[in-house]
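For reference, the structure is listed below as structure tokens.
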Protein chains: 2
Amino acid sequence: MKVLHTFRDVREFAQGSVGLVPTMGYLHEGHLALIDEAAERCETVIVSVFVNPLQFDDATDLDTYPDDLERDVELASCHGADVVFAPSLTEMYPTRQRTTVTVAEVADAMEGEHRRDHFVGVATVVTKLFSGVRPDVAYFGRKDAQQLAVVTTMAAELSMPVHVVGLPTVRESDGLALSSRNTRLTPSERHDALTLSQGLFAAARLFGEGERRSAALEAAVRDVVIGSPGVQLEYVTVADASTAAPIVTVTGPAFLALAARVGSSVRLIDNVFIDASTGTVDTGVKLDGPSILYGGDDPCC
Amino acid sequence: MKVLHTFRDVREFAQGSVGLVPTMGYLHEGHLALIDEAAERCETVIVSVFVNPLQFDDATDLDTYPDDLERDVELASCHGADVVFAPSLTEMYPTRQRTTVTVAEVADAMEGEHRRDHFVGVATVVTKLFSGVRPDVAYFGRKDAQQLAVVTTMAAELSMPVHVVGLPTVRESDGLALSSRNTRLTPSERHDALTLSQGLFAAARLFGEGERRSAALEAAVRDVVIGSPGVQLEYVTVADASTAAPIVTVTGPAFLALAARVGSSVRLIDNVFIDASTGTVDTGVKLDGPSILYGGDDPCC
């Protein structure tokens, strides 16, 4: 396992089919599931670790984002990564960044509405990763459902020969979607945050019973979350899975997504996939035991 | 020599070091100089021919843009190209294009001011060409000086491992800068258009004599062009060669650029490179005889 710091070194190292797992570090089982999948499919597996300032609209969120490269390297290695690519800020942005990538429409609603320029930052840094690393396949979690739609659109419309794969959200055994930001929750905030997944699961059950109206599904989430006064919903929206455009009625693949502030400072997102053309629901996968985010000292497999 | 129509076919064909010459077709000696250089340096030479609607703000200009693929293929082949990549509109834009690439600042002045969204169209299509073809080197003419600065900035800031090379403007023996749009000039308009290069040459002489004030150099151009009432200057600007930012005094590498409408419908651009750090002037290279744009039936070498 190599830890490399420049695009050039990564390109020179990579051989055969290349799988990239872009992360902001502080890996959890959601990331590890992506690495596992990449290791199964690709000859060279590259995990990038870079906290991208361009996609943060909140300086506090950026400053308090957890990091532990040594732990990330150990975890990535255990799960079959060949390279951890940890570029410096200077490698990623050697000059003031004047060039940006914008994905209209797909990036407009939900996160796009609540986090100004967030997706410009995401699309720009992912373009850089795809251009500089040249992967054949790139793996993203479905927890960031709109991000997945943005990146998929961007790669196709920029003629990049990269196959973008989305994998199911990984959850704690009690339903909380894994996120590096969960480490910032106090125990009582963590308890409150459970209403988010519980609300989504309730809506998913309603969908399973035949409900196709977005307003009814969104209301089902609100009804549950309202029970936790410490949780402030920013939005609950049903959106088309490919275009991320809000929809009134579910007729094909879609996701029901939300964002919320939990306690004073932590902002979380979550969603479930629902597909009216097949009637299927994908709420993600649950861990058997506690997440490594809260686990012991030895994160290795 | 192959004519290929898809990115996939081009990537599969390319071997060894790859040189790309992006064009909008209707090749002239300016393009051929780029192809010659690529053929000398690269193992696979790809000439792309695509009239990109995204970079035209003027529908008439787009509709009347000359094209002759058969002739382009013959010329490119004679000069050592291995592939002419002629993508269809559907290959280049399979869906409505929601993803765009913006280069702030470098694209703002001059052409950016007079052709709304022109450089967004250029940066987006060049990103697609670089992403889909994956060249090692890409060749552009210095006649489009600001475009060269935009593309160079974009490739670096998107971490693309592409070396962008700019080569001198090629001119008719009487000084007119080669452009596919020249074919649309009437004989009298063509005569009027000569004042553009004559104005730039006059300013270049002044620079050679030690003048470093942009206003004086710009005035020298205007003094000559004013003699042709059929020529309407849009701008004359001295700009930094790398950032394309207008400058008041020339202290390093720069270009003196202009755009003008000649007659009723043709818009032309031209420039000279001036470098105060070395005192050098580059007005481009002149052809010995008439350009193939006006030449005989057999364009081959």
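Somewhere in region B:205-218, is a residue touching a residue at least 60 places away in the same chain (Cβ under 8 Å), in contact with a helix residue (DSSP H, G or I) (Cβ under 7 Å, 6 or more places away or on another chain) and among the hydrophobic types (A, V, I, L, M, F, W, C)? Yes, some residue in region B:205-218 is touching a residue at least 60 places away in the same chain (Cβ under 8 Å), in contact with a helix residue (DSSP H, G or I) (Cβ under 7 Å, 6 or more places away or on another chain) and among the hydrophobic types (A, V, I, L, M, F, W, C). Screening A:ASP240, A:ASP282, A:ASP192 for residues that are of a type in the set (D, E, K, R), farther than 29 Å from A:GLY25 by Cβ and outside the structural domain of A:LEU148 (by TED's automatic domain parsing) leaves exactly one candidate, A:ASP240. Applying the criterion of being touching a Leu at 6+ places or on another chain (Cβ under 6 Å) and assigned to a loop (DSSP other than H, G, I, E, B) to the residues of region B:9-46, the residue that is surrounded by the fewest Cβ atoms within 10 Å (Cβ to Cβ) is B:HIS28.
Residue under question is A:LYS143, and the condition is that it be closer than 14 Å to A:ALA241 by Cα and at pLDDT 95 or above; does it hold? Please lay out each step first, then the result.
On the way: closer than 14 Å to A:ALA241 by Cα: yes; at pLDDT 95 or above: yes.
Against the criterion (closer than 14 Å to A:ALA241 by Cα and at pLDDT 95 or above), A:LYS143 qualifies.
Number of residues in region A:174-201 that are small (Gly, Ala, Ser) and part of a loop (DSSP other than H, G, I, E, B): the value is 2. Looking across region A:87-110, the residues that are hydrophobic (A, V, I, L, M, F, W, C), touching a residue at least 24 places away in the same chain (Cβ under 8 Å) and within 27 Å of A:PRO246 (Cα to Cα) come down to A:VAL101, A:VAL103, A:VAL106, A:ALA107, A:ALA109, A:MET110. For region A:30-79, a residue qualifies if it is charged (D, E, K, R) and touching a Lys or Arg at 6+ places or on another chain (Cβ under 9 Å), and the qualifying residues are A:ASP57, A:ASP58, A:ASP61. When you check B:SER264 against the structure, is it surrounded by fewer than 22 Cβ atoms within 10 Å (Cβ to Cβ), in contact with a Gly (Cβ under 7 Å, 6 or more places away or on another chain) and either without any contact (Cβ under 8 Å) to a residue 40 or more places away in the chain or not aliphatic (A, V, I, L, M) (or both), yes or no? Criteria not met by B:SER264. For the condition in contact (Cβ under 8 Å) with a residue 24 or more places away in the chain, over 14 Å from B:PHE207 (Cβ atoms) and surrounded by fewer than 23 Cβ atoms within 10 Å (Cβ to Cβ), B:GLY252 does not qualify.
Close Cβ contacts (under 7 Å, 6 or more residues apart or on different chains) running from residues in region A:63-86 that are surrounded by fewer than 18 Cβ atoms within 10 Å (Cβ to Cβ) to residues that are among the charged types (D, E, K, R) comprise A:THR64/A:ARG184. Of all residues in region A:167-200, exactly one satisfies the criterion of being in contact with a Lys or Arg (Cβ under 6 Å, 6 or more places away or on another chain), small (Gly, Ala, Ser) and buried (at least 21 other Cβ atoms within 10 Å of the Cβ), namely A:ALA177.
The helices (runs of 4 or more DSSP H) falling completely within region B:64-173 that include 2 or more residues that are at the interface with chain A (Cβ under 9 Å from one of its Cβ atoms) and either of a type outside the set (Val, Ile, Thr) or over 14 Å from the mean Cα position of the chain (by Cα) (or both) map to B:89-92, B:118-133, B:145-157. Before we move on, is A:VAL49 modelled with pLDDT of 95 or more, under 25 Å from A:LEU185 (Cα atoms) and not small (Gly, Ala, Ser)? In short, yes.
The values are calculated or read from the model by the stated rules, or taken from the named source; none is laboratory data. Remember, it's a predicted structure, so these values are computed and weren't measured experimentally. For neighbour counting, all protein chains shown are included, and Cβ atoms are generated from backbone atoms with ideal geometry for every residue, glycine included.
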